[in-house]
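Encoded as structure tokens, the structure appears first; notes follow it.
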Amino acid sequence: MIVRRATPEDLPRLPEIEVSAATLFRDQGVEVFAGETDDTPIDFTPAEVWAPILADGLLWVMAEPDGPAGAFLAARIEEDRLHILEFDVHREHQGNGLGRRLLAFAIEEAQRRGLAGLSLTTFRDTPWNAPFYASAGFEIIEGEEARGALQSYLDREAARGLDPARRCAMILRL
């Protein structure tokens, strides 16, 4: 698989990738939203939400040269950082290093753009979240350092029902 810029044809596949990746939480018994059960529909981002990110050139996929996307990473430039909005690998492609390769691409892209770093919000207590990003050089930031855009993301997540005690902001400084 190769990393490439997403195209409009990729957009309908992104919710499927997101839902597939989210099933890992349920399979591991991780409650994402308070009170959810195995029967609760998995929350996902509608494909059209990614259209402006695609137009900004900040949406990338991993795919076979002529095949469907197996992973995607959507970002936005926030406060001189490439902020990762969503990063998912379809379950059928997990465990093959695709996520690490896509993240490495995003880091290189931030460097090419002359940005100061990358940022994201994630679960601090699941191995494929904060520990994965830490292994790539990200560090958890808290308190005063997590102000501004990062705190806004955390606040919006809490308003949607994500447990703030389990969420964290992370930064990779370049």
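Read the figures in this text as sums done on the coordinates, not as results from a lab. Note that this is a predicted model, so its numbers are computed, not measured. Note: ideal-geometry Cβ built from the backbone for every residue, glycine included; neighbour counts use all protein chains shown.
Could you check the spin-label model distance between Glu144 and Ile77? Points 7 Å from the Cα along Cα→Cβ, value in nm.
Taking the simple label geometry, Glu144 and Ile77 are separated by 2.9 nm.
Classify the range 119-174 from the C-alpha gyration tensor, please: rounded if a/c falls under 1.5, else prolate or oblate depending on whether a/b exceeds b/c.
Oblate is the answer for the range 119-174, as a/c is 1.5 or above yet b/c matches or exceeds a/b.
Return the distance in nm (one decimal) between the two label points of a simple spin-label model at Ala136 and Asn96, each offset 7 Å from Cα along Cα→Cβ.
Here the modelled spin labels are 1.8 nm apart.
For the chain, set up a Gaussian network in which alpha carbons nearer than 10 Å are linked by springs, and say which option among Arg13, Arg124, Arg113 fluctuates the most.
Greatest mean-square fluctuation among the candidates belongs to Arg113.
Counting helices only, and only those DSSP H runs with n ≥ 4, report the 222 nm mean residue ellipticity of the chain as the sum of -39,500 (n - 2.57) divided by its residues, in deg cm²/dmol to the nearest 500.
-9000 deg cm²/dmol
Quick check on the exposure proxy: order Glu92, Glu78 from fewest to most C-beta atoms within 10 angstrom.
Glu92, Glu78
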